[in-house]
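Chemist: Handing you this structure, nothing more for now.
The values are calculated or read from the model by the stated rules, or taken from the named source; none is laboratory data. Values in this document were obtained by computation on a predicted structure and should not be read as measured data. Quick reminder, even Gly has a Cβ in these numbers, built from the backbone with ideal geometry, and neighbours come from all protein chains shown. What goes into the accessible areas is simple: the full protein's heavy atoms, side chains included, and nothing from ligands, DNA or RNA. Shrake-Rupley method; radii C 1.70, N 1.55, O 1.52, S 1.80 Å.
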Amino acid sequence: MIIKLFGRAISILVIVLASAVVSACNSDKGGAGGASPAYQQLLRTLYSGTVRVIQPAALADLLRQKPESVVVLDTRTPAEYAVSHLRGARFVNFDSLAKADFSAVPRNRTVVVYCSVGYRSEKAGERLKALGFKDIRNLYGGIFEWVNEGLPVYNQQGPTANVHPYSPIWRPWLKRGNPVYE
């Protein structure tokens with residue numbers, strides 16, 4: 001089991017590094033309206049398809065039109081959340097995910113989970129499904145794609161351009177915003 005997980009981690013790292021090279025050489029920056037082809041390929045590799053995705057623009061529309069119908073959960077680390085998050089997002093520490101019971105999350109609403117790119121949040125979505133939640137979505141491309149599409153993020157002081165890129169390996173996928181690691 002450990003060898004299988006280690007092999008998957010190595011495969012993902014190779015794809016991330018190869019995709020970063022492709023992205024650096026690719027003049028298509030993605031910008032508003034969609035992820036770059038290299039980023040899309042990375043996400044296809046990372047996602048297992050166990051949780052339906054929602055595009056950033058669709059979530060932004062939902063939050064504008066029916067904010068009471070959706071609960072947004074940020075499934076990153078405390079440091080990442082402190083740098084910036086989606087407005088109104090509830091923090092769920094990914095490192096404590098296995099112990100979380102989500103009893104404070106209403107089961108009659110759509111639950112949207114996100115992290116940096118969507119891998120960790122997909123795991124959170126799987127946990128929610130196992131707990132009986134029915135309408136769970138994973139934000140496609142995570143907070144990176146949200147910001148890359150020009151959508152706002154916030155910190156304790158209000159709107160910010162800062163985004164925590166998780167690690168320098170993931171930094172190439174953040175095309176907009178200021179990378180801040182603390």
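Chemist: Write down the Å³ per residue value for the convex hull defined by the alpha carbon atoms of segment 28-146. Don't skip to the answer; put the middle values down first.
Modeler: Numbers: hull volume 12.1 nm³, N = 119.
Each residue corresponds to 102 Å³ of Cα convex hull volume.
Chemist: Right, something else. Once fully extended, how much extra length lies between GLU68 and LEU46, figured as 0.36 nm per residue of separation less the alpha-carbon to alpha-carbon distance? Write out the running numbers ahead of the final one.
Modeler: On the way: separation 22, 0.36 × 22 = 7.92 nm, distance 3.04 nm.
Gain in length upon complete extension: 4.9 nm.
Chemist: For ARG90 and ILE169, FRET efficiency with R0 = 30 Å and r from the beta-carbon atoms, rounded to 0.05? Spell out each step's value before the answer.
Modeler: Numbers: r = 27 Å, r/R0 = 0.91.
The pair ILE169/ARG90 has a calculated efficiency of 0.65.
Chemist: A further question on this structure: Give LYS99/LYS134; LYS129/LYS175; LYS66/LYS99; LYS66/LYS134 a once-over and call out the pairs whose C-alpha atoms are over 27 Å from each other.
Modeler: On the way: LYS99/LYS134 20 Å; LYS129/LYS175 32 Å; LYS66/LYS99 30 Å; LYS66/LYS134 18 Å.
Going by Cα-Cα distance, LYS129/LYS175; LYS66/LYS99 fall outside the 27 Å limit.
Chemist: Ranking request for peptides 60-66, 125-131: highest mean number of other beta-carbon atoms within 10 Å first, then the rest in descending order. Don't jump to the answer; show the numbers that get you there.
Modeler: Values: 60-66: 12.9, 125-131: 17.4.
The packing order, highest mean first, is 125-131, 60-66.
Chemist: Would you grab the residues whose amide H sits under 5 Å from the one on VAL72? Only those 5+ places off in sequence or on another chain, please, with H modelled 1.01 Å from N.
Modeler: Residues meeting the amide H criterion: ARG90, VAL112.
Chemist: Another question, then. Where the accessible area of segment 31-134 is counted over protein heavy atoms with a 1.4 Å probe, how much of it, in %, is carbon and sulfur?
Modeler: On the way: 2580 of 4890 Å².
For segment 31-134, the apolar C and S fraction of the accessible surface comes to 53 percent.
Chemist: If you roll a 1.4 Å probe over the heavy atoms of the protein chains, what accessible area per residue do you get for segment 111-166, in Å²? Walk me through the numbers on the way to the answer.
Modeler: Details: 1910 Å² over 56 residues.
So segment 111-166 comes to 34 Å² accessible per residue, rounded to a whole number.
Chemist: Right, another one. At 4 °C and 1.567 mPa s, grab the translational diffusion coefficient of segment 103-182 from Stokes-Einstein with a Kirkwood Rh over Cα pairs, rounded to a whole number in µm² per second.
Modeler: Numbers: Rh = 13.7 Å.
Reported coefficient: 95 µm²/s.
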